[in-house]
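Shown next, in structure tokens, is the structure this report addresses.
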């Protein structure tokens, strides 16, 4: 019916209840493939399947959808979760499990787009946690063809769309990119090191620029190695530093940077 009235494409939201579990006697993975195949056999317009986040192997499901003839996938629908109203001591929303999403899901989606892009020919839409142009740029860098936003519009209003677009333009101008196609998929596949390939030597340590340090003490509060010490109103890093980089991330004035370790034995 949608095709008959002129819909240019269909997005199939067959991922409820959002997980690879038995649903009405059928595995959700099989249900997704069955519905997609049925629609593919009955319409000529492009179809896109919105995939659930809780799958044993998102890439395998996406590959099976591609083999059926699906034109694209959305990675991902919201995660099935639970929240509780402490006053009523009952589940929030409709009284049961429900779809929960937000910025916390962004890195998971990014991981699977990067993993899937080298193995798929179909189109990939990134969905979940985007609230800035930088977020869009990251999705494209891992291989997304398009990026979906929704919740951020409810929270920030429609004007957030132009801000996100402007943010993406600033990234592209900084990198001298004329089109998203120039950097699409640049961070995917073999570019990302596996766990066995990561260099785990402690080669760096934190360094505090005393000219920038405001002596706020945040670095000392967060350091589990007790590396920062205070002297004459300024903070310094001792050789107890393990090089985790947490203080660099949390320093409000960017006074801390990572530098090669003073102890050269760590490099051997």
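The values are calculated or read from the model by the stated rules, or taken from the named source; none is laboratory data. None of the values given here were measured: they were computed from a predicted structure. FYI the Cβ positions are ideal-geometry reconstructions off the backbone, even for glycines, and counts take in every protein chain you see.
For the reader, a short list of remarks on this structure follows.
- For residue 197: the one exception among (1) under 28 Å from the mean Cα position of the chain (by Cα); (2) over 27 Å from residue 141 (Cβ atoms): (2)
- Test: residue in region 219-233 that is surrounded by 12 or more Cβ atoms within 10 Å (Cβ to Cβ) and on the phi > 0 side of the Ramachandran plot: no
- Single unsatisfied condition, residue 201 versus (1) under 25 Å from residue 118 (Cβ atoms); (2) touching a residue at least 60 places away in the same chain (Cβ under 8 Å): (1)
- Check on residue 196, modelled with pLDDT under 95 and out of contact with any helix residue (DSSP H, G or I) (no Cβ under 6 Å at 6 or more places or on another chain): yes
- Considering residues of region 51-72 that are modelled with pLDDT of 85 or more and assigned to a strand (DSSP E or B) only, the residue nearest to the chain's Cα centre (by Cα): 51
Okay, residues lined up against (1) touching a residue at least 40 places away in the same chain (Cβ under 8 Å); (2) in contact with a strand residue (DSSP E or B) (Cβ under 8 Å, 6 or more places away or on another chain):
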{"position": "124", "(1), (2)": "yes, yes"}
{"position": "140", "(1), (2)": "yes, yes"}
{"position": "145", "(1), (2)": "yes, yes"}
{"position": "167", "(1), (2)": "no, no"}
{"position": "171", "(1), (2)": "no, no"}
{"position": "179", "(1), (2)": "no, no"}
{"position": "185", "(1), (2)": "yes, no"}
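- Picking from residues in region 73-98 that are under 30 Å from residue 40 (Cα atoms) and part of a loop (DSSP other than H, G, I, E, B), the one that is modelled with the lowest pLDDT is 78.
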